[in-house]
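The values are calculated or read from the model by the stated rules, or taken from the named source; none is laboratory data. This one's a predicted model, so the numbers in the text were calculated from it and none came from an experiment. Note that we place each Cβ from the backbone using ideal geometry, even for glycine, and neighbour counts take in every protein chain shown. Side chains included, ligands, DNA and RNA excluded: accessible areas come from the protein's heavy atoms. Shrake-Rupley method; radii C 1.70, N 1.55, O 1.52, S 1.80 Å.
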Amino acid sequence: MEFIRNSVNWFTGNYILNVSVTAFLTAQVIKIIIELSVHRKKITFSRLTGSGGMPSSHSATVVALATSVYRVRGYDSTDFAIAAILAIIVMYDALNIRRAAGEHAKRINFIMQSLSEVTPETFQRQLKELLGHTPLQVVMGALLGLALGLLM
């Protein structure tokens, strides 16, 4: 417990919040590194706040939250139960609802580009397609959150 008490003061003053925010920021930075190294894309700082991509920052954040709550409050605490259910809901949403919305946006954008009389400017802008995650992205985000929750 001494380690936990000492680590609280370095960022927000709250250990659980420190771990969760660190997981989110780490996942977002990893996305930029992957974009640069694997996809050979230029640095886009919108990736720091954007959704979608590898690893899932949503999964990393909520699993880090649940793991750090587990470490502080224990497995049988109400706090851990709430954090664990929240993590399950967020990861389910990232895999299903947000991913489906991204697929819809991709198809609508294709239709808009295919019709000669309709341009993306007609609708002001294209729809954002990178909303959800693949199962691998969610799992990798969850593993990142778990690792940071256990190591911090």
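Worth a mention:
- Among residues of the stretch 36-72, those that are at pLDDT below 90 and open to solvent by 30 Å² or more (accessible area, probe 1.4 Å), counted: 15
- Test: residue in the stretch 90-104 that is modelled with pLDDT of 75 or more and on the phi > 0 side of the Ramachandran plot: no
- Check on R5, in contact with a Phe, Trp or Tyr (Cβ under 9 Å, 6 or more places away or on another chain), modelled with pLDDT of 85 or more and of a type in the set (K, R): no
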